[in-house]
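The values are calculated or read from the model by the stated rules, or taken from the named source; none is laboratory data. Just so it is clear, the structure is predicted and the values come from calculations on it, not from any experiment. Please note: Cβ atoms are built from the backbone with ideal geometry, for glycine as well, and neighbour counts cover all protein chains shown.
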Amino acid sequence: HESHGDILLTDKGIALAKAIIRRDDCLTRLLVDVCGMDSEKAFSEVHRLEHVISDEVLIRLEILVDFACSSEAWLKRLHYRINTARIDRPTEQALQVGQTRVHPRQSTAK
């Protein structure tokens, strides 16, 4: 690889780079620290996910990650559940890329 010199970013470019770093950090912490995923396996997942999640989802994931990482006992219980679960089980219905499955909310009205 041949160097072509320094790269200067505009203010907009710096803001975009910071946003990408924020997404990368949150998703890496989620998959590695919270979900106990191997960092090498998580690397490719993080780089796919960081381009498709909305800001609203990112904010909620950051809150979840901060909460999960604040309780070692909670993380231990989660890791136990993950390690004893069948990770390879098929989903009940396959989805195509771009499709979503709507989860109906349980009615609390009686």
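Data for the structure
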| item | result |
| --- | --- |
| Residues being touching a residue at least 12 places away in the same chain (Cβ under 8 Å) and assigned to a helix (DSSP H, G or I) - total across segment 26-42 | 9 |
| Residue selected from segment 49-65 under the condition part of a helix (DSSP H, G or I) and β-branched (Val, Ile, Thr), by the criterion nearest to Leu78 (Cα to Cα) | Val65 |
| Flag for Val65 being under 10 Å from the mean Cα position of the chain (by Cα), surrounded by 10 or more Cβ atoms within 10 Å (Cβ to Cβ) and in contact (Cβ under 8 Å) with a residue 12 or more places away in the chain | yes |
| Restricting segment 51-110 to residues that are at pLDDT below 70 and aliphatic (A, V, I, L, M), the residue that is farthest from Cys35 (Cα to Cα) | Ala109 |
| Residues located in segment 1-57, provided they are surrounded by fewer than 15 Cβ atoms within 10 Å (Cβ to Cβ), under 12 Å from the mean Cα position of the chain (by Cα) and polar (S, T, N, Q) | Ser44, Ser54 |
